[in-house]
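J.: My questions all concern the structure below.
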Amino acid sequence: MSPDNGVHIRRARSEDYDAVMAIGCMYGGRDYLPSLYPKAMSDPDIYPLLAEVKGQVVGFYMNHILDGGLSVMKRAARVHPFFRKMGIMHELSHALDRHAATLRPGLQYLYISATDVIASKVENEYTSVGYGETQRKSIICLDFCIKDLSVSDVKDQVSSVTTLGYDDMKLLLTLEDVLDKFFDSRIIFNNFVGYRCLESNIKHFVDDNKEVCVTIASSTKTQDKNTPMAMRDIDMVTFSEWYESEVGLVYVLEIYASEGSSEHSLQAHLWRQVYFIKKLKLCDKGVVKVSYGPNVPEGKVRSYLKEVGISKHSNVSFVDAVLFEKKL
């Protein structure tokens with residue numbers, strides 16, 4: 001496509017990596033695209049587009065097909081600073097809309113996410129085309145240095161945390177009473193992406209750089225976690241994801257707690273994640289991005305992380321992640 005404004009939109013390719021990265025670093029150096037890009041180019045569920053002006057790559061945007069084809073989410077939007085306010089993002093967005101239209105009639109939902117800062121500026125625009133806010137979660141971003149992490153004495157405290165595999169997650173997603181406790185809207189909102197509680201999404205939770213951990217209420221700790229009875233007594237679920245970035249390791253932690261969940265479980269989950277960060281040995285420093293819902297006390301999150309060496313605030317302006325949904 002070659003509109004009158006000289007912008008050419010085409011599908012991104014693996015060999016465009018350097019040109020896309022040259023658009024500029026996003027999200028204060030915590031950008032996930034450099035890590036995701038190589039995999040995205042071969043993922044049949046990702047439709048990546050770039051914008052060129054006179055042969056220079058100046059914009060990028062992609063559709064991510066989720067929920068087994070029920071949903072599409074626009075992700076990783078960016079335009080080079082020198083080429084903003086030229087309508088390039090609108091060109092990319094319209095091209096993605098045309099791609100999404102080819103997925104009908106199976107496609108039922110469209111998603112876009114943003115920080116609360118951006119959401120406050122674009123909400124009217126989103127609303128005018130049929131989107132509505134469906135999820136909002138608080139976020140804490142804290143910098144860390146590996147050498148400062150004090151995790152040598154936490155093994156006993158984290159022993160109650162269990163890592164789930166594919167079959168464990170498959171079972172969990174069949175238990176309506178468990179989903180009612182943690183995901184009553186049946187959407188798992190992790191790292192600015194909304195996933196419906198479907199088996200087809202397990203690959204986005206359990207992968208080489210992603211884990212799911214749970215704690216089971218003390219009265220049932222001796223039970224096998226693989227039984228429905230034990231699963232029904234889960235009191236906290238955490239999803240983690242990690243990748244290398246310009247600022248070092250970015251470790252994303254999503255906490256879902258049942259009403260009345262214990263502070264011991266929260267401490268165990270947080271300390272287990274910090275123990276794991278140190279074990280990864282990927283970078284000397286980085287940032288922990290913790291997102292949490294209404295049953296998780298922010299003060300306790302900060303306190304437990306401070307006890308193991310993470311307390312420095314990252315330079316971010318947002319405090320919430322916001323998900324917008326459009327039903328087709």
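J.: How big is the antiparallel share of DSSP beta bridges in the chain, given as a percent to the nearest 5?
T.: On the way: 68 of 78 bridges.
Given both bridge residues lie in the chain, the antiparallel proportion sits at roughly 85 percent.
J.: Taking the chain as a Gaussian network, Cα atoms linked when under 10 Å apart, which of Thr127, Thr238, Thr102 shows the biggest mean-square fluctuation?
T.: Thr102
J.: Per the 1.4 Å probe, what fraction of the accessible area of the chain, in percent, lies on carbon and sulfur atoms?
T.: 49
J.: Looking at Tyr47, Ser14, Val79, which one has the Cα that reaches farthest to the positive end of the dipole of segment 4-123 (charges on Cβ: Lys, Arg +1; Asp, Glu -1)?
T.: My answer, from the dipole projection, is Val79.
J.: For helix 88-101, report the angle its Cα long axis makes with the longest principal axis of the Cα atoms of the chain; keep it between 0 and 90° and round to the nearest 10°.
T.: 70
J.: Right, another one. Can you give the calculated 222 nm mean residue ellipticity of the chain, where each DSSP H run of n ≥ 4 adds -39,500 (n - 2.57) and the sum is split over every residue, rounded to the nearest 500 deg cm²/dmol? Could you put the intermediate results ahead of the total?
T.: Numbers: 10 runs with 90 residues, N = 328.
Taking each H run of at least 4 residues, the total per residue is -7500 deg cm²/dmol.
J.: Which of rounded, prolate, oblate describes segment 110-244, given a ≥ b ≥ c as roots of the alpha-carbon gyration tensor eigenvalues and a/c under 1.5 marking rounded, otherwise prolate only if a/b is larger than b/c?
T.: On the way: a/c = 2.31, a/b = 1.35, b/c = 1.71.
Here segment 110-244 falls in the oblate category.
J.: While we're looking at this one, here's another question. Report the trypsin sites (Lys or Arg not before Pro) located in segment 231-328 that are in a DSSP loop and have at most 12 other Cβ atoms inside 10 Å of their Cβ, or state none.
T.: Sparse-neighbourhood loop trypsin sites (Lys or Arg not before Pro): Lys281.
J.: Assign one of three labels to segment 1-76, namely rounded, prolate or oblate, based on the Cα gyration tensor with a ≥ b ≥ c the square roots of its eigenvalues; rounded applies when a/c is under 1.5, prolate when it is not and a/b is larger than b/c, and oblate otherwise. The partial results should precede the final answer.
T.: Values: a/c = 1.88, a/b = 1.27, b/c = 1.48.
The shape class here is oblate.
J.: Explain nothing, just compute: Karplus ³J(HN,Hα) = 6.51 cos²θ - 1.76 cosθ + 1.60, θ = phi - 60°, for every residue of segment 32-45 in order, whole Hz, x for Gly and Pro.
T.: Values per residue, Gly and Pro as x: 8, 4, x, 6, 7, 3, x, 6, 4, 5, 10, 8, x, 8 Hz.
J.: Quick one: helix 298-307 against the long Cα principal axis of the chain, what's the angle to the nearest 10°, folded into 0 to 90?
T.: In the chain, helix 298-307 runs at an angle near 70 degrees to the longest axis.
J.: Over 32 Å between Cα atoms, which of Lys85/Lys285; Lys137/Lys278; Lys285/Lys327; Lys137/Lys203 qualify?
T.: Working: Lys85/Lys285 35 Å; Lys137/Lys278 26 Å; Lys285/Lys327 41 Å; Lys137/Lys203 22 Å.
In this structure, Lys85/Lys285; Lys285/Lys327 exceed 32 Å between Cα atoms.
J.: Right, something else. Mind checking the angle between helix 116-128 and the chain's longest principal axis? C-alpha axes, 0 to 90 degrees, to the nearest 10.
T.: 60
J.: Calculate the tail of P(r) for segment 225-328: the fraction of all Cα-Cα distances greater than 25 Å, expressed in %.
T.: Details: 1494 of 5356 pairs.
Result for the distance tail: 28 percent.
J.: Taking amide H positions as placed in the peptide plane 1.01 Å from N, state which residues far from Leu249 in sequence (5 or more) or on other chains have amide H under 5 Å from it.
T.: Lys285, Gly286, Val287
J.: Right, something else. Out of segment 94-203, which chymotrypsin sites (Phe, Trp or Tyr not before Pro) are coil in DSSP terms and have no more than 14 other C-beta atoms within 10 Å?
T.: Qualifying residues, ordered by number: none.
J.: So which residue, out of Leu149, Leu253, Leu266, gets the largest mean-square fluctuation from a GNM of the chain using Cα contacts under 10 Å as springs?
T.: Looking only at Leu149, Leu253, Leu266, the largest GNM fluctuation is found for Leu149.
J.: Now, a different point. Segment 233-328: which GluC sites (Glu not before Pro) are DSSP loop and have at most 15 other beta-carbon atoms within 10 angstrom?
T.: Of the GluC sites (Glu not before Pro), the ones in loops of segment 233-328 whose Cβ has at most 15 other Cβ atoms within 10 Å are Glu246, Glu259.
J.: For the chain, what class follows from the C-alpha gyration tensor (a ≥ b ≥ c being the square roots of its eigenvalues): rounded when a/c is under 1.5, otherwise prolate if a/b is larger than b/c, else oblate?
T.: Taking the square roots of the gyration eigenvalues as a ≥ b ≥ c, the chain is prolate.
The values are calculated or read from the model by the stated rules, or taken from the named source; none is laboratory data. What you see is a predicted model; the values in this text were computed from it and never measured. A quick note on method: Cβ atoms are made from the backbone with ideal geometry, for glycine too, and the neighbour counts reach across all protein chains shown. Remember, those area values only see protein heavy atoms, side chains included, never the ligands or the DNA or RNA. Shrake-Rupley method; radii C 1.70, N 1.55, O 1.52, S 1.80 Å.
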